[in-house]
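Let me begin by presenting the structure, written as structure tokens, before commenting on it.
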Amino acid sequence: MSLLQTYARYDVRFERGEGARLWDDAGNEYLDFLCGISVSSVGHCHPAVVAAVREQAGRLMHVGNLFYTEPMERLADRLTGLFGGGEGGVFFTNSGAEAVEAALKLGRKAKQGGDVITAQGAFHGRTYGALSATPQESKQAPFAPLVPGFRSLEPAAIAESVDSRTALVLIEPIQGETGIHVIDDEVLRAIREACDRVGAALIFDEIQCGVGRSGTFTAAEFYGVTPDAITMAKGLASGFPMAATVVNDVLAEGVASGDLGSTFGGGPLACAAGLATLEVIEQERLVENAATVGAFLRYHALNLGLGVQGHGLLLGLRLPMPAAEVQQRLFARRILTGTAGDPAILRLLPPLSFSQEEAQLLLEGLRKSLA
Ligand SMILES: Cc1ncc(COP(=O)(O)O)c(C=O)c1O
């Protein structure tokens, strides 16, 4: 096979998806509690998203960023409204890491030469800026030297370390990849105050925890803390590559032509997929569903004697045995789940449309897999 072996892939080839189900090339059905790592939030191949992409593909697929298109403008308006941080503006890209890069650049530009503070336990992506903000030895060391001016601290120590040299603090309100660590709301509030004191930007990376997954549209909303910018990706366009860096007026004011750019970012197909995804989330009340089914899962997982971390349908179950082993046992039962940096954590990221009946199937599979 000609693929570089950059992933430990499962020995399965998927052909089709619908809602929370996937089918492999032998026709076997799987229950998807992973969602392509937090991506297929409205379920696989939601008919409204499929129709929107088909329609847009027949009308206009690409024109580039030297021109306006209606899907791009509409989606930008929707996202600034949902962000709740003022008029500001949106920069579209194609992946989470690029959205983080744009946020880093805008934060740095607003306070030139300033330092970047990140949280220990963070994951922000694999490109050099995002990697420099990802304080994990195994991911960083082979690729040194990294971008200068980054340092990582325990989340609780960030506020007191923010000073006049700080350009920005970049933080996931709920850390996903490393094990669904919920940052304390007092800690986030203190960071917000510290950033305000010295004129540093506070950037929330909501690439994994955002777009309804935490039981509110943004995790920021859940915390009641408004950052200066939010990065979104994954669940934004149902699997179509799409990311957004949504910023407030202050950061938007500093943006000049040529600061950021992307050939494909904000393309009509991606934006049509994004608009349709947001519409489904709203019409089917999927944020509320994430909160309700998430609470159901939490309650029953606690009853199984497991520790539960996270909010909504971004959950980490702390298991009494290696999560990778349980994940394999669930896979044998055709249930897809995720692991995380913490080897005891089983990561659950089902579609936001997940039903309680589907959650019961997972709980049943878990009960048997833990036995
Ligand atoms: C919080 C967070 N930020 C950034 C990224 C990087 O996103 P992408 O893989 O789309 O570049 C991820 C991906 O897992 C993530 O979870």
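Below is a table of values for the structure above.
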quantity	calculated
Given charges at Cβ of Lys, Arg, Asp, Glu: the chain dipole, positive-most of PHE92, GLN309, ALA276	GLN309
Relative counts (whole %) of C-alpha pair distances in the chain, using bins that are 10 Å wide	5, 24, 33, 26, 10, 1
Other-chain or far-sequence residues with amide H under 5 Å of THR218's (modelled H)	GLY212
Packing-based ranking, highest mean first, of 8-17, 79-88, 249-258 given that Cβ atoms within 10 Å are counted	79-88, 249-258, 8-17
Estimated vicinal HN-Hα couplings, Hz - the stretch 57-69 in sequence order (Karplus 6.51, -1.76, 1.60; Gly, Pro = x)	4, x, 9, 6, 9, 7, 9, x, 8, 8, 9, 8, 9
Euclidean distance between Cα centres, the stretch 313-360 to the stretch 133-198, Å	27 Å
In nm, spacing of pseudo-spin labels at LEU361 and ARG285 (7 Å Cα→C-beta vector)	2.4 nm
Whichever aspartates and glutamates have a C-alpha closer than 12 Å to that of LYS105, once near sequence neighbours (fewer than 8 apart) are set aside	ASP115, ASP259
Radius of gyration and Dmax over the Cα atoms of the stretch 53-169, both given in Å	17.6, 54
Inter-probe distance in nm under a simple model that places probes 7 Å from Cα toward Cβ, at ASP25 and ARG318	4.2 nm
3J(HN,Hα) from dihedral phi, the stretch 45-50, Karplus parametrisation 6.51/-1.76/1.60, rounded to Hz, x for glycine, proline	6, 4, x, 5, 6, 4
Contact order normalised by residue count of the stretch 228-371, Cα under 8 Å, 6+ apart, percent	18 percent
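Computed from the coordinates by the stated procedures, all read-outs in this text should not be read as laboratory data. Computed from a predicted structure; not experimentally measured. Virtual Cβ from ideal backbone geometry, glycine too; neighbours counted across all protein chains shown.
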